[in-house]
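Scroll down for the structure; my scribbles are underneath it.
The values are calculated or read from the model by the stated rules, or taken from the named source; none is laboratory data. Since we're looking at a predicted model, the values are computed, not measured. With ideal geometry, Cβ positions are generated from the backbone for all residues, glycine too; neighbour counts draw on all protein chains shown. Only protein heavy atoms, including side chains, enter the accessible area calculation; ligands, DNA and RNA are left aside. Shrake-Rupley method; radii C 1.70, N 1.55, O 1.52, S 1.80 Å.
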Amino acid sequence: MTILFHEQSGEFHLYNDHISYIIKILKNKQLGNLYYGKKIRDRDSFAHLLEGGLRSLAAYVYEDDYHFSLQHTRQEYPSYGTTDFRYPAFEIKQENGSSISNFEYQSHEIFKGKKKLSGLPATYVEDAHEADTLEITLYDALIDSEILLSYTIFNEMAVITRNTKFTNNGEQKIILNRAMSTSIDLPDYDYEMIHLAGAWSRERHVKTRKLEQGTQGIYSLRGASSAEHNPFLVLKRPGADEFAGEVYGFSLVYSGNFLAQAEVDTHDATRVIMGIHPDQFEWELASGEAFQTPEAVMVYSDHGLNQMSQTYHELYRTRLVRGHWRDLVRPILINNWEATSFEFTEDKILAIATTAKNLGMELFVLDDGWFGARNHDRAGLGDWVVNSEKLPEGIKGLANKIEAIGMKFGLWFEPEMVNKDSDLYRMHPDWIISTPGRHASPSRNQYVLDFSRKEVVDYIYGSMSKVLSESAITYVKWDMNRYITECYSIAQEISGQGKVFHLYILGVYDLYERLTSKFPHILFESCSSGGARFDPGLLYYAPQTWTSDDTDAVERLKIQYGTSFVYPVSSMGAHVSEVPNQQLGRITPIDTRANVAYFGAFGYELDLNELTDVEQERVRQQVAFAKEYRALIQKGKFHRLLSPFGHNVTAWMVVSQEKNEAIVGYYQVLNGVNQGFRRLMLAGLDPDKQYCINGVQERVHYGDELMSAGLVIRQDELCTEGAADFTSVLYVLKRI
Ligand code: DGJ
C-alpha cells in the first residue's frame, strides 16, 4: 500500500519510489499540505513542516492562536474569506448570499485501484495493484454538504491524479461558482512557469517565464481547450532543463474552458490551481445533487523536463488512451484535404488511393466535402448524407472500391457544427447555441450545435451511426472548426445558463463514448482547425489528434516539440504535404518533411499523382522506413535534445524500451557559411552497450560515448535535394 494514514498526527503520506505527497488534518479540521516532491522516508509526523507565525494585518482562525492564519498555511483545497484572501479552489454561494464555507475532515477511505469518473474522461488502471486511491470526505454542517477529495497515486510512476466531487445533502440549494480539480500550495516561488501558447497553425509553442508575486496563468474561455493555451502548466526550478532539475507538471483531462494559475503571495508561497474556468461557470446543486470535476494529473520529475514528459507519455499512451487501437501501431494514411479541398470526384479519389496503395500506404482518409451541399465552407454541415454528385455510389460504394484496392477507408465528420445553409438548420434552427434576442456570430460560416441538449446529440449520433454502419469505415477524423460565442441554451433554465459550456463538453464526451463503444474497431482522430483541441480529455476517446493545420516541416519542429511536453508521439498526427507549403509557401526537401513527420502518427496529405517519379520513389522508401520503425517511434521513450525555439538546429530521439534501438532526428533550419563542427549529445541509451549508426561498420560507439562525447554530425549527411536550407538527417542506432 502506498498510502499511509498516521492516526495520531492526522497525516496522510502518499508515496512510491519517486514521490511523496503529505496531507495533514489541521487544527480547524480543514486540510493542509506539508510536502509534495521527491520521495522522502516516512515518519509519524511531519507537523514541523507546518509553519505559522505572528504577522501584522493577518486574520487568525482562533482568538488565542496568533500563529494560525489560513493565509499563511499551505492548504489542500482552500476556500476564500476565512483568513485566506488568495484565489480559492472552490466557492459555494448559499441561499443567504454568503460564499463563506467551512469544510472539515469527516472521514477517509484508502483502497487499491482507481474509480471511473462518471461521464468524464480520466486515467485508469487495468489491475487494482497499479495504483492506490485516497478519498477524503470533508463536511460543512451548516449547509449539510460534502466535498470528496480524491487522490490516486500510481505505484510505478511519479504521478498523482486528483479530482473533486461536491454533494449537497441539505435542504437549501447551493451554487458552485468555482470548483477546481486540483490546488496545491508550495512553500517558495523559485520557479519558472512553462506553458504552451499559440494560435491556429502555430499551436503549443513553449513559453517560459519567471514566477513573480501576483497571479500568472493561462486559460480558455472559448468553449474548447483551444489553440491559444493548452490545459497544461509546468513549474520548474530555474536551473532545471531537459535533463536535470526539479519539475512539477500539471495537466487537465478536459476539453473545455479551463484555468491554470500560479499565484505567488507576498510571503513567497506559490499556489497552483487548475480546473474548469470559474468565469462563465455556475452550477446549482439542489438537495441531493452532486457535481464532479474533471481530473488533474500531477507529475513530478527530479531529472528535468524530459523525464516529466516521458511520464506523461507513458501514462497517457497506456492508461488514458483506450480500446482496440491503444497498443497497435498506427496505419500510414493518405488524406485528400490539401490535395483537393472540397473539389473532388470519385475518380480523383480513387486515383490518389491507387497510387497511395502502390507506394505502400494503408489507409485512405476522405476529408471534408463528401456530404450534403458541401461544395464550399458555406453549406452542408449537419447533413451527414452523401453528396451523390461527387460520389454517385455513395460512401459505401467508395469504401468498397478503396477496400478492393487493398486499403482501409476513413471518413471526416464535424459532428458539433451546422451551416445555416443545411437541411439540419432548416429543420431545427433553434438547435444552435445562441442568445435569444442577440446576434449570433458566425465563424467559418458555421454555428455550434447545442450539445448540452440530449436530443441534439442523439440526432447526430443517429446520423453518424448510420454512415458508419453502412460502410466499411475503419477511421474517423472528428473535426471542430470554431469556438463558442453568445453561449446560451434555450433548453436550460435561466439559472442553468452557467452550466452550458460544461454541459456542451459533456455532450461531446457522450457522443464520443457512444460511437467508440458501438464501433470499437474504428480509430478516431480528433481535430480542431488543426490542434485547437489537443488535450488529454479527447485522447481518452480518440488515440490521436491532428496536431496542426501547419504541415510545413520547419514550423512543425516547434509545434511537435511543444506538443511533446505532455502528449505522446503516437498521439500526434503528422503528414508530409506538398511544396510550396500551403500555409506559408516554404519549400523544404521531401526528406526533411518525412524526417519530421515520422515522429508522429505518420501519413501524407498531397496529390501523390503530382509528384515526379523520383519523388514517388522517395515516398515509397519513406513508407517502408515508417513501417519498419513505427513501433519503435510510437512506443519508445522520446527525448528532446535541442530546442527549435531560438535555435537554428533542432534534435530529438526515440529509444526503444529495451534500449536496443534508437532513432535520432537532427534538423538544421538555415545553412551557414564555414560553420563549426557539431556534436550531438544523445540520451537514454545503455552506457555499457555498443551501438552501430546507420549500419555503418566503422560507426560503432558505446552508449556512454554517444551520451557524453556526443555523436559527430557530418554536414555532408544532411539531405539537400539541391536546397541548402531546411536540411535534416536521421540516425538509426542498433545495439550490437
Ligand atoms: C480543419 C482541419 O484541421 C483540416 O485538416 C481539414 O480537415 C479542414 N478542417 C476541413 O474543413
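Tell me whether the range 1-156 comes out rounded, prolate or oblate; compute the Cα gyration tensor, take square roots of the eigenvalues as a ≥ b ≥ c, and use a/c under 1.5 as the rounded threshold. Provide the component values of the computation, followed by the final result.
Working: a/c = 2.29, a/b = 1.35, b/c = 1.69.
Oblate shape, in that a/c is at least 1.5 and b/c is the bigger or equal ratio.
Can you order the peptides 565-571, 392-398 by their average number of other Cβ atoms within 10 Å per residue, highest first? Don't jump to the answer; show the numbers that get you there.
Working: 565-571: 26.7, 392-398: 17.3.
Output ranking for 565-571, 392-398: 565-571, 392-398.
Quick check on my link table: of LYS116/LYS518; LYS207/LYS635; LYS635/LYS689, which ones sit more than 23 Å apart, alpha carbon to alpha carbon?
LYS207/LYS635
Rounded to a whole number, what % of the accessible area of the chain do carbon and sulfur atoms account for, probe 1.4 Å?
In the chain, the share of accessible area belonging to carbon and sulfur is 49 percent.
Could you work out the local net charge near LEU34, counting Lys and Arg as +1, Asp and Glu as -1, over the other residues with Cβ closer than 9 Å to its Cβ? Don't jump to the answer; show the numbers that get you there.
On the way: positive: LYS24, ARG74; negative: GLU11.
So the environment of LEU34 carries a net charge of +1.
Counting other C-beta atoms within 10 Å, and keeping those with at most 14, which DSSP coil trypsin sites (Lys or Arg not before Pro) do you find in the range 485-565? Write out the running numbers ahead of the final one.
On the way: sites: LYS499, ARG514, LYS518, ARG533, ARG556, LYS558; in loops: ARG533.
Qualifying residues, ordered by number: none.
Shape call for the range 307-402 from the C-alpha gyration tensor, a ≥ b ≥ c root eigenvalues: rounded (a/c under 1.5), prolate (a/b greater than b/c) or oblate? Numbers along the way, then the final one.
Working: a/c = 2.53, a/b = 1.79, b/c = 1.42.
Here the range 307-402 falls in the prolate category.
Would you tally the net charge around LYS499, using a Cβ to Cβ cut-off of less than 9 Å, leaving LYS499 out, and scoring K and R as +1, D and E as -1?
Details: positive: none; negative: GLU282, GLU284.
Here the count lands on -2.
What whole-number volume per residue, in cubic angstrom, does the convex hull of the C-alpha atoms of the chain give? Each step should come with its number before you reach the end.
Numbers: hull volume 121.0 nm³, N = 736.
Once divided by residue count, the hull of the chain is 164 Å³.
If each of ILE736 and GLU705 carries a label point 7 Å out from its Cα toward its Cβ, how far apart are those two points in nm?
Taking the simple label geometry, ILE736 and GLU705 are separated by 1.0 nm.
Given an 8 Å cut-off on Cα distances and at least 6 residues of separation, report the relative contact order of the range 146-246 as a percent.
On the way: 133 pairs, mean separation 21.1, N = 101.
Relative contact order here is 21 percent.
Provide the net charge surrounding ARG86, with neighbours chosen by a C-beta distance below 10 Å and charges set as Lys +1, Arg +1, Asp -1, Glu -1. List each step's numbers first, then the result.
Working: positive: ARG271; negative: ASP84, ASP185, GLU263, ASP265.
Counting the neighbours of ARG86, the net charge comes to -3.
Shape call for the range 532-629 from the C-alpha gyration tensor, a ≥ b ≥ c root eigenvalues: rounded (a/c under 1.5), prolate (a/b greater than b/c) or oblate? Let's see the in-between values first.
On the way: a/c = 2.16, a/b = 1.59, b/c = 1.36.
Prolate.
Cβ neighbours within 10 Å, averaged per peptide: list 46-59, 587-600 in order, most packed at the top. Present the calculation step by step, with values, prior to reporting the outcome.
Values: 46-59: 12.8, 587-600: 23.9.
By packing density, highest mean first, the sequence is 587-600, 46-59.
For helix 454-470, report the angle its Cα long axis makes with the longest principal axis of the Cα atoms of the chain; keep it between 0 and 90° and round to the nearest 10°.
Relative to the chain, helix 454-470 is tipped by roughly 30 degrees.
How tilted is helix 394-405 with respect to the longest principal axis of the chain? Cα atoms for both, answer in degrees (0 to 90, nearest 10).
It is inclined by approximately 60 degrees.
Using the Kirkwood radius over Cα pairs, work out the Stokes-Einstein diffusion coefficient for the range 83-230 at 25 °C and 0.890 mPa s, in µm²/s as a whole number. Mind dumping the intermediate values first?
Working: Rh = 18.3 Å.
Taking Rh from Cα pairs, D becomes 134 µm²/s.
Can you tell me which aspartates and glutamates have their Cα less than 14 Å from the Cα of LYS390? Leave out same-chain residues fewer than eight positions away.
Candidates past the 8-residue exclusion: GLU343, GLU346, ASP347, ASP367, ASP368.
Just list whichever of LYS29/LYS236; LYS408/LYS477; LYS93/LYS499 have alpha carbons separated by over 20 Å in the model shown. Walk me through the numbers before you get to the answer.
Numbers: LYS29/LYS236 32 Å; LYS408/LYS477 14 Å; LYS93/LYS499 15 Å.
Too far apart for the 20 Å limit: LYS29/LYS236.
Are there GluC sites (Glu not before Pro) in the range 402-497 that DSSP marks as loop and that have at most 16 other Cβ atoms within 10 Å, and which are they? Could you put the intermediate results ahead of the total?
Details: sites: GLU403, GLU416, GLU455, GLU470, GLU486, GLU493; in loops: GLU416, GLU486, GLU493.
Here the sparse-neighbourhood loop sites are GLU486, GLU493.
Determine which residues of the range 539-559 fall in the zone a paramagnetic label at GLU610 would reach in this model, i.e. backbone nitrogen under 17 Å from the point 7 Å along Cα→Cβ.
Output list for this probe position: 550-553.
Gain in length, LYS112 to LEU670, computed as 0.36 nm per residue apart minus the alpha-carbon separation, to one decimal in nm?
Working: separation 558, 0.36 × 558 = 200.88 nm, distance 5.37 nm.
Stretched fully, the LYS112-LEU670 segment lengthens by 195.5 nm.
Starting from the Cα gyration tensor of the range 649-735, multiply each eigenvalue by 5, take the square root, and state the resulting semi-axes largest first in whole Å. Each step should come with its number before you reach the end.
Values: eigenvalues 117, 31, 27 Å².
Square roots of five times the eigenvalues give 24, 12, 12 Å.
Tell me, in nm to one decimal, what length is gained between GLU721 and ALA491 on full extension, where the rule is 0.36 nm per residue of separation less the Cα-Cα distance? List each step's numbers first, then the result.
Details: separation 230, 0.36 × 230 = 82.80 nm, distance 5.92 nm.
Gain on stretching GLU721 to ALA491: 76.9 nm.
Hey, what angle do you get for helix 500-518 against the long axis of the chain, alpha-carbon based, 0 to 90 degrees rounded to 10?
50 degrees
Taking the solvent-accessible surface of protein heavy atoms with a 1.4 Å probe, what is the per residue accessible area of the range 228-282 in Å²? Numbers along the way, then the final one.
Working: 1320 Å² over 55 residues.
Per-residue accessible area for the range 228-282 comes out at 24 Å².
Take SER728, SER529 and sort them by solvent-accessible surface of the protein heavy atoms, 1.4 Å probe, largest at the top. Walk me through the numbers on the way to the answer.
Details: SER728 0, SER529 30 Å².
Largest accessible area first, the list is SER529, SER728.
For a protection proxy built on the mean count of beta-carbon atoms within 10 angstrom, sort 77-90, 605-618, 437-450 highest first, please.
Details: 77-90: 20.3, 605-618: 15.4, 437-450: 17.1.
The densest-packed peptide leads the list: 77-90, 437-450, 605-618.
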